[in-house]
Structure formats: C-alpha cells, structure tokens
Amino acid sequence: MAEYKSPVRDMEFVLNELIHVESLTEIKKFEDATPDIISGVLEEAAKQIDGTIGVLNESGDAQGARLNDGEVTTPDGFKEAYAAYAESGWIGLDKDVEFDGQGLPHTLATAVTDMLSGANAAFSLYPGLSNGAYEALKAHGTQAQKDMYMSHLSLGDWSGTMCLTEPGAGSDLGQVRTKAVPQKDGSYLIEGSKIFITAGEHDLTDNILHLVLARTPGAPEGIRGISMFIAPKFMVNDDGSLSERNDIVCPSIEEKMGIHGSCTCVLNFNEARGYLVGELNKGIQNMFVMMNSARLMVGMQGLGVAERATQNAITYAKERKQGRPLTRKAESSFDSDTIIVHPDVRRMLLTMKSLTEGCRMMAYDTAKHVDLSENHADGALRAASKARVDLMTPICKGFITDVGVEVAGLGVQVYGGHGYIKENGMEQNLRDSKIFCIYEGTNGIQAMDLIGRKLSMNGGTLPKDFFADIKAEMESAGSEQSFITAPLTAALEALETATDWLIESKQQSPNHSAAAAADYLQVFGLVTLGYYWLRATKVATGKDGAFYQGKLATATFFATKLLPRVHGLVPVIMAGGDCVMNPEEDVIL
Ligand SMILES: Cc1cc2nc3c(=O)[nH]c(=O)nc-3n(C[C@H](O)[C@H](O)[C@H](O)COP(=O)(O)OP(=O)(O)OC[C@H]3O[C@@H](n4cnc5c(N)ncnc54)[C@H](O)[C@@H]3O)c2cc1C
C-alpha cells in the first residue's frame, strides 16, 4: 500500500528560505503570518491531513462515490474527515476574516492544498470547488449575496460548484444553451442540463451553491451572451435558514478512469430558481475569476500526486532488491542489491524529484504573487505581481499537470510489475493524475492562452519582465552555481528565440504558432524550473546536511539531464505548422 507524508520540510524550505513568505507580514492583513505561525499551521495541517484524509485515498478509490435516488453518497470516512477538516478551519485559511475566514496568505493555503492533493486528490475537490465560488462571489456578488453565502463557503458547511460544461459546450463555452428566464421578483428560472459537474451532489454539506452559466432570452450569440447565476440546492430564507429544495436533480454520475472518490454529476436544472451574479452577459469574464484560481489549484493537484508518487518510488527503490551494481558484477559475495543502485532507476527517481520540487517552488512563488497582487499597498508592485500571475497561470496549470502524469507514470515504472497491479497504489496515481490535464481548460487550451493572450498582454511585457528576472538572478550567481547558470543561459536564449519566432509567425498564419503552443509551454515550464533551481542552489550552497546536499544534487541533475530538453523542442516549435495542417482530413485515417 502506498504511503503519503506531507513534505513539510520541503514546504518550509520553499516558503521560508526560497520565497521568504515572511515578507508578506509587511502587509497589515498578514502581520500575523510569522514564520512560527506558518510552521505551526503546516505541522497541524499535515497531522490532520495525513492522519485522517490520506488514509482514505485507496479505500475511496476502491469504493467510489455512489448514486441512489438522486442522492450521492461519498466513500466511507469522507463525511467525518470533511467535517473535521472544515471544523479545523482549513477551508477558510485564506478567506476574509469578515466572512469567517482566518485571513492568512493564499501562499499558505496553497501549501495546504498541495498536502491535501497528495494525501487524497479525489477528496481535495470537495473543498477545492468552494474556493472558486467564494472568489466569484467576492469579486462580483452583491453585498446581500456575499452576506448570505460567503461565510458558509469559508466555514465549509456549504460547498460550491462550477456549472459550465454541457454536452455541446466543453472548451467552447460560447455554445452554452442553458436558459435563464427573468421573473418579476428579480430572480431567474434556470432550465437546462449540465454535465461533468464536480461535487454537484453529495452528502458532505448542508447546502450546495451552484454557480451556473446560462443565457437570458434574446442574449447575443456566443460568449458575449452568457451570464452567471447562483442557484442553491436548498433555497435560503432571509434569516439565513434553509427552505425548500430547488429543482436541481442529479440523474446520474460518471464512471471514470480515476478520482473515483470525487463525484462527477449530470445536473438537470428544471426551472430551478437562480439569481444573477455580476452583470448580465458578463458571465464568462466573471467565471474567469473562478477559473484562474481553480487553474492554480489544479496545478497543485498535479503536484500533490507527483509528490505522492515520488515519495513511494524512493522508498521502494531503497527496499526492492534486484540485480547487482554494474561496477560490482564480478563479485560473488552478494546476490542482489537494492534497485536504487541502477543508473536507470536513479534517472527515474531524480527526474521525479527534480520536476516535483521544481514545480513546488514555481507554484508557491506564483501564489505569493497572488497575495501581493491583491493586497500590497504599492500599486506598481500589485500590477507587476498580477502580470506575473497572469503569465504563470497557464504554466502552473499546464506544465505541472503534465509533470503529474509523467511522474506518476515513472512511479509505476520504478515499481515494475508491482506498480502496474492495484495493491501498491502506484497505478491509482497515474489514473488520478490524467484528469488534471483536462478539466479547468485542457492543457491544449492553456498552451493557446499562453501564446495567444499572455505573450501579447500589456504590450508584450509579461515574458520580457520574467526573462529579465531570470537574467538578474544569473548575474548575481557565483562560480559555485555555474553548473546551472551555463545551461540556463543557453536554455533562456533558446526560449527567447522561440518567443520571437512565435510572435512573428502569428502574423503569417495563426496555425504556425498554435501548432507549436504545447511544445512552447513545455519549454517555458522547463526554463522556469531552471530559474527556480538556480535560486534553490543559491540557498543550499555552503550548507551542511543531507537536505541541502540533496537540493544541490537534484539541481545538478535537472540542469544536466532535463533542462537540455528545450534544445530538442525549440527546433520543433520553429518548424512551423505546415506538416500539421497541410494533410487533408481524409488522409488522417
Ligand atoms: C472528472 C471531470 C470533472 C469535471 N468537472 C467539471 C466541473 O466541475 N464543472 C464543469 O463545468 N466542467 C467540468 N468538467 C468538464 C471539463 O472542464 C471539460 O471536459 C473540459 O473543459 C474539456 O471539454 P470537453 O470534454 O468537451 O472536450 P472538448 O472541448 O471537446 O476538447 C476535445 C479536445 O479538443 C481540444 N480543443 C478543443 N477546442 C480547442 C481549441 N480551440 N484549440 C485547441 N484545442 C482545442 C481539447 O484540448 C481536447 O484535446 C469535468 C470533466 C471531468 C472529466
């Protein structure tokens, strides 16, 4: 059976030594977020998550969520574990104090999401979806809506959903057909069917708040005619008490490849009562508020599963005995050694470790920029941080979730046949991780967002400012770090060349850049990890102990064996899109 222990030491390294999260205490709202508080929160969260939620990962997968007469029952133990998790205040960790949150930095909540996803990815979706609903109401709700709903989302006694997808509307939300008809009392009657709705129906909370995309009569076609509504499972009286059930029915849930403990629901809205959130026909823009925070959260899901796979693979490789070291083949004094002696197994372990730890640095630093962009007193700094979050969101979602699948796959491989069978839990990681590349905008859509919007946003300054930061980091590096600055310089040059090419080729034909988008996102992600490994190297240089030596060894591996992947990908990017687009459809058999 697979084990998971929240990687508190590595989290503290990133938070305290790498991104200096304590600097957020200069923001009044976060003055309590001292290193002591941060460490206390991490330790407490790890104790509860590992002890009560992580232990349900495999049983939740085996049992899955079940549907009976329109009611969904979550796997055994989820209800009690969720109640304890909410009761301890983890859902409201970074929510506003005025709405019963704890008012701590989002950066810290990101570390807790990392833990929760590693412990039990399917479980993480129940509190996870509430975050997006909270953000959407905070940004676009009326004061009455905020007062009625937000504390419940923060306390976790109610949960949220995102109801976007329909049979004909997946990536293309302009195709949404669900209707919302205005009523005299200012409410709307919502009619239509949504599919694939995570946590659309379940037994964990007293109420569920559905954030629904729908069209009002006569609204413009396409995405400009979509509005956002809130439709509760149980109607809420003015005094906050629950009233009759809204007509929102779950006729079926999906059988799926992974995250079995998370229910994925069809939801029929049969003239269900709903209320407009934000302006009419601005639903897509409003939903983007939820989607950006949700995309960063999905990145954490990829990271969590990668961490789980890595921990188990390292333990297994130190226990499983097969074969002798190549350099000691001739000795007859022992039959076999642990598989960690084999270069190929080490290659896999170090690939897993360097990608996972690198993604953690990138994700937490992006989360810190979220905190700065929303709360810092200096407007210029807020704007610069917002730009960094905008740039990094598709990378955190797309690159980290691809890493999740790569690392989960390597985890199976390290175990050999023992990874392919169910018993050891490694195949579950692979099954669970694939969905992270698909929902909240597929990774193909993330890549298009990167090349389509983010490269040209704010006059094209987003990548330029980031590249300048990488160069500044290299300039202040010492000779001890040349093992990484030399390959990083070359990799950054390649990325800059590819970026210029993409911007130019878009003028000739959008198909050239679109055909290269996924590869470009990979190159961007690798160079970004190179930048963070350089920063980690600076922290670890000259420090004693296995932890810091491990950081230097892992950085060396990343710089030597993974960062050069960019030099294979950049020519592929610049080869253009003709070979992709020229074949007639009927020759792609
Ligand atoms: C387990 C699970 C949970 C989910 N949870 C939710 C939820 O809570 N709420 C919700 O609303 N939805 C949810 N979804 C739906 C999910 O967000 C969609 O499945 C996803 O957005 C992709 O839509 P689609 O499946 O229709 O694929 P399609 O949009 O049909 O895409 C198919 C392929 O075409 C590619 N593609 C499509 N358009 C483009 C384009 N313009 N450019 C380049 N490539 C393109 C995609 O990248 C993909 O590879 C969930 C889905 C699953 C499976």
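A short reminder: the numbers here are calculations on the coordinates, not readings from a lab. Given the structure is predicted, the values throughout are model-derived calculations rather than measurements. In this analysis, Cβ positions are derived from the backbone assuming ideal geometry, glycine residues included, and neighbour counts consider all displayed protein chains.
Between the amide H of Arg320 and those of Ile339, distances stay under 5 Å, these residues lying 5 or more places away or on another chain, with hydrogens modeled in the peptide plane.
For the chain, the longest principal axis of the alpha carbon atoms and the long axis of helix 379-415 meet at an angle near 70°.
With Cα atoms defining each centre, segment 535-589 and segment 119-162 are spaced 36 Å apart in the structure.
Around Thr554, with a cut-off of 11 angstrom between Cβ atoms, what is the net charge of the other residues, counting Lys and Arg +1 and Asp and Glu -1? Walk me through the numbers before you get to the answer.
Values: positive: Lys353, Lys551, Lys561; negative: Asp10, Glu357.
Net charge in that neighbourhood comes out at +1.
If you take the Cα centroid of segment 1-71 and the Cα centroid of segment 86-117, the two points sit 10 Å apart. Provide, in order from the shortest bin, the percent of all Cα-Cα pairs of segment 1-127 in each 10 Å bin, continuing until the bin that contains the maximum pair distance. Spelled out per bin, shortest first, that is 12, 41, 30, 13, 4, 0. For segment 331-372 and segment 237-279, write down the distance between their C-alpha centroids in whole Å. If we compute the Cα centre of each part, the gap is 41 Å.
One quarter of the surface of the convex hull around the alpha-carbon atoms of segment 334-463 equals 10.6 nm², the direction-averaged projected area.
Going through the cross-link list Lys256/Lys422; Lys506/Lys561; Lys464/Lys551; Lys397/Lys538, which pairs have a Cα-Cα distance over 24 Å in this structure? It would help to have the intermediate numbers written out before the result.
On the way: Lys256/Lys422 16 Å; Lys506/Lys561 32 Å; Lys464/Lys551 28 Å; Lys397/Lys538 27 Å.
Checking Cα-Cα distances, Lys506/Lys561; Lys464/Lys551; Lys397/Lys538 exceed 24 Å.
What the phi angles of segment 88-97 give under the Karplus curve with 6.51, -1.76 and 1.60, with θ = phi - 60°, is a coupling list of 6, x, 5, 5, x, 3, 10, 7, 5, 4 Hz, glycine and proline written as x.
Taking the C-alpha atoms only, the angle from helix 510-540 to the longest principal axis of the chain is near 60 degrees.
Helices in the chain, meaning DSSP H runs of at least 4 residues, each add -39500 (n - 2.57). Divided by all residues, the mean residue ellipticity at 222 nm is -17500 deg cm²/dmol. Between the Cα long axis of helix 78-87 and the first principal axis of the chain there is an angle of about 90°, rounded to the nearest 10. In the chain the Cα-Cα distances spread across 20 Å bins starting at 0 as 20, 54, 24, 2, 0 percent of all pairs. Here Val403, Val587, Val266 are placed in order of increasing Cβ neighbour count within 10 Å, fewest first, which gives Val587, Val266, Val403. Packing, as the average of other Cβ atoms within 10 Å across residues, places the peptides 72-82, 303-313 in the order 303-313, 72-82, highest first.
Neighbour counts of other Cβ atoms within 10 Å put Cys265, Cys437 in the fewest-to-most order Cys437, Cys265.
Close amide H partners of Gly101, meaning residues 5 or more places away or on another chain with modelled amide H under 5 Å apart, are Asp96. In terms of overall dimensions, segment 447-581 has a Cα radius of gyration and Dmax of 16.3, 54 angstrom.
So what's the net charge close to Leu502: Lys and Arg +1, Asp and Glu -1, counting the other residues with Cβ under 14 Å from its Cβ?
-1
Once every Cα of segment 403-508 carries one equal point scatterer and solvent is ignored, give the base-10 log of I(q)/I(0) from the Debye formula at q = 0.14, 0.16, 0.19 Å⁻¹, two decimals. Computed log10 I(q)/I(0) values: -0.84, -0.92, -0.97.
Please report the relative contact order for the chain, taking Cα pairs under 8 Å with a sequence separation of at least 6, and give it as a percent rounded to a whole number.
Answer for the chain is 13 percent.
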